[in-house]
Amino acid sequence: MHDRIEALVATVAFGMGIDKPNVRYVIHAELPRSLENYQQESGRAGRDGLPAECWLLHSAQDAIVWRKILEQSSSEVRAQAEQGLDRIQSYCSGMVCRHRQLVGHFGQDLPGSVAANCGACDVCLGSVPMLDDALTTAQKILSCVIRVGERFGAEHVAKVLMGSSEARLIQLGHDRLSTYGLLKEFSRTQIRDWIEQLVSQRLLERMGEYFVLQVTPLGRAILKGQGTVQLGIRRASALGEGAGTRAKVSPAELLQGVDLELFQILSQWRRKTADAAAAPAFAIFGDRTLIDLAQRRPADETNLRLVYGVGAQKVADYGAVVLEVVDKFCRERQLERNCQSAALSAPANPRPQINDSARLAWPHFEQGKSCAEVARLLNRAVSTVEGYLSSYLTESRVTDSSPWVSAETAAVIEQAIEQLGDERLKPIFEQLEGQQPYSAIRVVVTCRRNRLEQKGTGVISKD
């Protein structure tokens, strides 16, 4: 939290409640138990709106361990949890856009222009080479499952296909099957991976206590040459091929158009100030604020107030010394001041389209109805409708918060925003001692940003 170390390891991913906006990497070393968990945990990265990377390392064994743990749960809890596991396994093993899968799970759609390629995940970036003759390979695997009587798990099927000489396999006579050794040029782990991909594409399914493989009706259609299948070569090094190109988040990419030397000087000042105050560095200024400072190079308080995330309280606390640091740097190098800020680097991922359920609520919001009223009308949870309201305010550029937040409450929240800026909601919530809910703060922040955008007052912070 104080930037004294660069990495954190947690046994349960981020159950410790990390609230740090400039996390650049989140790495899962095993399978999360659901897509909801993964979304929350991976969402710790890039909360400052700058690019970040999320890695998920997984194996079939992870899911087996989870299922063993779930055996101790009640039947109702177990059924729901196993459904969550199925979905995260499908997400990991699927060969379609990860972004599209993820937003689709939560009822959203990517814009049509990028639905086929989000430009951010391993599949869309071409990091996963595709097998040229996927149909034939899939047919070999599906056929092998049938030849062993649909009574064995993925490990045994993979051994048959690779031509293993294991004693049990020989005793069962599976070395005499027509599918024995059909994929002997590939490693066992590669074949296992393809089996997982076929499960994710609903061509195979696991059944019973021992997770034996069975061919689904879709799989039987593939055996007849009907339908399509994709198989990715995840372990390309085993085939002597390159691993493809993946996205990288480098300092140079994050700081395009920024004076790196000034950014480093400001970062050093921030560290010293944070240490003196025994506070996290981002509590002084976030990375996006330093980037905007290094772009704008403000010469006075008026222009300092235009910097991303700088409110009245930040100006009062740090304004004089920041202006002095910038002034000294620019005088020594004879640099221009009060520059126009370039657009801050933002994630390449397109914003998901608003789903139909959210749009059904918009006419009610236009009539000024409260979230509780709309929740009753649409038979939705209030928290869900609050999300609908947020999308409505943003997309419709609403500037008046009064239908949902009283004028007195809005004035109190706006006063806190003036002091702290609107980069993050939590400091505002804490400044108000928790007396105003996040939902009201979010409404006021959004409407205020819309007003400022209409007035054209410069960079508007995004939560």
Relative contact order for the stretch 1-75 using alpha-carbon pairs under 8 Å, separation at least 6, rounded to a whole percent? 32
Note: the stretch 254-333, point scatterers on Cα, Debye, no solvent; log10 I/I(0) at q = 0.21, 0.22 Å⁻¹ equals -0.94, -1.04
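Can you list the GluC sites (Glu not before Pro) in the stretch 43-147 that are in a DSSP coil and have 16 or fewer other beta carbons within 10 angstrom? Spell out each step's value before the answer.
On the way: sites: E53, E71, E76, E82; in loops: E71.
Those that pass, being in a loop and sparsely packed, are E71.
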Taking the Cα centre of each part, how many Å lie between the stretch 291-321 and the stretch 17-74? 36
Along the Cα→Cβ direction, 7 angstrom out, place labels at A29 and E71. What is the inter-label distance in nm? 2.6
Square roots of 5 times each gyration tensor eigenvalue, C-alpha, the stretch 356-455, largest first, Å: 23, 15, 11
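Over 26 Å between Cα atoms: which of K328/K426; K20/K369; K184/K224; K272/K314; K68/K159; K159/K224 fall into that group?
Those over the limit are K328/K426; K20/K369.
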Based on DSSP H runs of at least 4 residues, each adding -39500 (n - 2.57), what is the mean residue ellipticity at 222 nm of the chain after dividing by all its residues, to the nearest 500 deg cm²/dmol? -15000 deg cm²/dmol
For Q230 and H2, calculate 0.36 nm times their separation in residues minus their Cα-Cα distance, and state this gained length in nm to one decimal. 77.5 nm
Distance histogram in 5 Å bins (all Cα pairs of the stretch 1-93, percent per bin): 3, 13, 22, 22, 17, 11, 7, 4, 1, 0
Stokes-Einstein at 20 °C, 1.002 mPa s, Kirkwood radius from Cα pairs: D for the chain in µm² s⁻¹? 83
Evaluate the distance, in nm, between pseudo-label points positioned 7 Å from the Cα of Q334 and of L125 along their respective Cα→Cβ axes. 4.3
Long-range amide H partners of Y25 with built H, under 5 Å: E53
What is the extension gain from D133 to L452, computed as 0.36 nm multiplied by their sequence separation minus the C-alpha to C-alpha distance, in nm to one decimal? 109.3 nm
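For the chain, what relative contact order do you get, as a whole percent, if you take Cα pairs closer than 8 Å and at least 6 residues apart?
This gives 15 percent for the chain.
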What number does the stretch 112-233 give for Rg over Rh if you use C-alpha atoms and the Kirkwood radius? 1.02
With unit charges on the beta carbons (Lys and Arg positive, Asp and Glu negative) and the dipole taken about the Cα centre of the chain, which residue among G309, Q40, Q201 sits farthest to the positive side? Q201
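Throughout, read-outs are computed from the coordinates displayed, never taken from laboratory work. This one's a predicted model, so the numbers in the text were calculated from it and none came from an experiment. Note that each Cβ is placed from the backbone with ideal geometry, even for glycine, and that neighbours are counted across all protein chains shown.
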